[in-house]
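Where a number appears in this text, it was derived from the coordinates with a stated rule and is not lab data. What you see is a predicted model, and the numbers here were worked out from it, not measured in a lab. As a convention, Cβ positions derive from the backbone with ideal geometry for all residues, glycine included, and neighbour counts pool all protein chains shown.
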Amino acid sequence: MGLRFEATAVIDAGPEVVWRVLSDLRAYREWNPYIVDARGSLEPGEPVELKISPPDTPTFTIETQVNAVTPAEHLALGWQSDDPDLFSGEAVFDINPTPFGAQVTFRQTVEGVPGLKKGLGDRNDLALEMMLAALKARCERQSRH
């Protein structure tokens with residue numbers, strides 16, 4: 001069993017605003033404390049390069065692939081090492097409309113690499129919670145303009 005994380009944010013901005021923020025990969029460096037740089041195209045099967053900066057851990061770059069995308073509803077990115085039995089994972093954003101904006105649920109799974117949960121666990125959870133809080137703040141600022 002690997003590392004699993006799930007969190008939800010209720011955002012006072014519509015799904016279209018949330019999607020605009022999530023899909024603007026070049027702007028991640030302006031607001032995202034966890035994914036500090038992102039490059040690529042959000043088209044199924046296309047690569048997306050992410051520079052990840054977990055707390056108290058050196059920044060690293062990972063090559064992901066868009067597994068699924070439905071604008072303003074769903075984004076799934078997956079990754080794996082050359083040997084899929086060694087290391088693989090997926091990050092999923094689900095965006096659902098609410099009467100006052102959107103609810104975003106983020107799920108991440110990482111499999112493989114013995115000791116990964118012990119090494120990342122709480123720091124990874126904190127980083128992902130910070131990312132969702134930053135997404136919420138950015139979306140709500142944009143919806144006011």
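So, with +1 on the Cβ of K and R and -1 on the Cβ of D and E, and no other charges, what is the size of the charge dipole of region 15-145 about its Cα centre, to the nearest 20 debye?
Working: 13 positive and 20 negative charges, 127 e Å.
Roughly 600 debye for region 15-145.
Can you give the direction-averaged projected area of the convex hull of the alpha-carbon atoms in region 1-50, in nm²?
Numbers: hull surface 19.8 nm².
Projected over every direction and averaged, the Cα hull of region 1-50 covers 4.9 nm².
Roughly speaking, what % of Cα-Cα pairs in the chain are separated by over 25 Å, rounded to a whole number? Can you show the working numbers first?
Working: 2448 of 10440 pairs.
Distances greater than 25 Å cover 23 percent of the Cα pairs.
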Contour minus Cα-Cα distance for residue 43 and residue 56 (0.36 nm per residue) = 1.4 nm
Distance from the Cα centre of region 48-85 to that of region 1-32, in angstrom?
-> 13
